[in-house]
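Visitor: Sharing a structure with you now.
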Amino acid sequence: MLAMAAGMVDAAWDLYGDMRDNRTIRALHAGHDVAPRAGADPRAILARALFLTWRDHVMEAEALEGSLANTDKRLRSAYHFAIGNARMRAAYELIDVGKPSDAIPEVALAKRAYRAALHADPGDFDAKVNLDIAMRLVRDMPREGEANEEEQDTRPRRVWTDLPGLPRGAP
């Protein structure tokens, strides 16, 4: 009898926590800044991250990454995808105001976020497309001294340059 009562109290406490998480998600969706409770459902934490990224508080949203570390792969992928999109929006805004050199680090951070989204869920088509767009916007150039000479000898010869519009070699 005592075990059954303890089980009912535990179930009621879980239900109360779920209700609070749902209330948090609804408030965030309505545009009210509400912090999820400690030990909240990962979906409430994702909702908070989405709320922050849409309001250009990307660094605050990035601080929530640890709370989503051991969750479902789709939630982790959605989180990183939202971070990448926020970084790309910031990069496009910098390009629009005539600061393309300031946009390069934002695009690099967006690419990192899209790669993390793909690491969490390799089948995320939207992350693949957005990573491709970010890769076309700012190419990853090889750095001098990054690879040792053994790797350079085994690499195939590069026929094309990294710069778009400047092909070398036969098609």
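The values are calculated or read from the model by the stated rules, or taken from the named source; none is laboratory data. Just so it is clear, the structure is predicted and the values come from calculations on it, not from any experiment. FYI the Cβ positions are ideal-geometry reconstructions off the backbone, even for glycines, and counts take in every protein chain you see.
Visitor: Could you count how many residues in the stretch 95-117 are part of a helix (DSSP H, G or I) and surrounded by fewer than 18 Cβ atoms within 10 Å (Cβ to Cβ)? Please lay out each step first, then the result.
Guide: Start the filter on the stretch 95-117 by keeping residues that are part of a helix (DSSP H, G or I), which leaves 95-96, 100-117.
Going one step further and asking which of them are surrounded by fewer than 18 Cβ atoms within 10 Å (Cβ to Cβ), we end up with 95-96, 100-102, 104-105, 108, 112, 115.
Residues meeting the conditions: 10.
Visitor: Looking only at the stretch 118-130, which residues are of a type outside the set (S, T, N, Q), crowded, with 18+ Cβ neighbours inside 10 Å and within 22 Å of R55 (Cα to Cα)?
Guide: Once the filter is applied, which keeps residues that are of a type outside the set (S, T, N, Q), crowded, with 18+ Cβ neighbours inside 10 Å and within 22 Å of R55 (Cα to Cα), the stretch 118-130 yields only A127.
Visitor: Given the conditions (1) surrounded by fewer than 19 Cβ atoms within 10 Å (Cβ to Cβ); (2) at pLDDT 90 or above, which single one is not true for S77?
Guide: For S77, the exception is condition (1).
Visitor: Which one of the conditions (1) free of Cβ contacts under 8 Å to residues at least 40 places away in the same chain; (2) under 27 Å from V129 (Cβ atoms); (3) of a type outside the set (F, W, Y); (4) surrounded by fewer than 19 Cβ atoms within 10 Å (Cβ to Cβ) does T53 fail to meet, given that it meets all the rest?
Guide: Here T53 meets the rest and fails (4).
Visitor: Could you check the stretch 39-62 and list, in sequence order, the residues that are at pLDDT 80 or above, farther than 22 Å from E93 by Cβ and assigned to a loop (DSSP other than H, G, I, E, B)? Can you show your working first?
Guide: Let us first name the residues in the stretch 39-62 that are at pLDDT 80 or above, namely 40-62.
Next, from what is left, pick out any that are farther than 22 Å from E93 by Cβ: 40-48.
Answer for the stretch 39-62, where residues must be at pLDDT 80 or above, farther than 22 Å from E93 by Cβ and assigned to a loop (DSSP other than H, G, I, E, B): A40, D41.
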